Amino acid sequence: MLALHRIAAAVRLDADADSGDAAALETALPQVAAGFERHGRIALSLWVDAALGQHLGEAALAVDQVLVPDAATGGFHLHADVEDTSQLRWWLMGLGPSVRVLAPAALADALRLQHLRSALQGLSPDAAAQLVAAACSDGVPG
């Protein structure tokens, strides 16, 4: 895959394209496709902070996206029907505390578990238990 926004110039060649060895292409396909798996459509419900809400108001996730201000937090509630892809999950993970998945519950749980595993990585069992206990007592949403 090419990052097209990084290409400064392109030159058309007179030579025919070489499609390469078919067996090699078949072997490479799973590696190229990694991260593009689709798990079906989902009704995504998020809470997002004010800055992310402003961005998503200008660059919607889906044509049916609904973005509703949340006066209590200053953020927004977002609802959209989207493809559940590895890229969506990667994007959500990268947003950290700027986003909270409200639904579907299975997606919210999967992302929480992934964040928790990242946070606890390399800690002793005692240190991990202390960190989890501290997070729970600080009112971290479940």
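The values are calculated or read from the model by the stated rules, or taken from the named source; none is laboratory data. Please read these numbers as outputs of a predicted model, since none were measured by experiment. Quick reminder, even Gly has a Cβ in these numbers, built from the backbone with ideal geometry, and neighbours come from all protein chains shown. Ligands, DNA and RNA are excluded from the accessible area calculation, which covers all protein heavy atoms including side chains. Shrake-Rupley method; radii C 1.70, N 1.55, O 1.52, S 1.80 Å.
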Top-ranked residue of segment 114-136 - restricted to ones that are over 25 Å from the mean Cα position of the chain (by Cα) and of a type in the set (S, T, N, Q), ranked as nearest to Leu95 (Cα to Cα) = Gln130
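Considering only residues that are at pLDDT below 85 and over 16 Å from the mean Cα position of the chain (by Cα), look in segment 32-52 and name the one that is least open to solvent (accessible area, probe 1.4 Å). Spell out how you get there, then give the answer.
Initial filter on segment 32-52 (at pLDDT below 85): 32-39.
Applying the additional criterion that residues be over 16 Å from the mean Cα position of the chain (by Cα) yields 32-33.
On the way: Val32: 93, Ala33: 44 Å².
By that ranking, first place goes to Ala33.
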Which one of these is touching a strand residue (DSSP E or B) at 6+ places or on another chain (Cβ under 8 Å) and among the acidic types (Asp, Glu): Asp126, Asp84?
-> Asp84
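Within segment 8-31, take every residue that is assigned to a loop (DSSP other than H, G, I, E, B) and either of a type in the set (Lys, Arg) or surrounded by 10 or more Cβ atoms within 10 Å (Cβ to Cβ) (or both) and give me the one that is modelled with the lowest pLDDT. Let's see the steps before the verdict.
Initial filter on segment 8-31 (assigned to a loop (DSSP other than H, G, I, E, B)): 8-21.
With the extra rule that they be either of a type in the set (Lys, Arg) or surrounded by 10 or more Cβ atoms within 10 Å (Cβ to Cβ) (or both), the set shrinks to 12, 21.
Details: Arg12: 87, Asp21: 78.
That would be Asp21.
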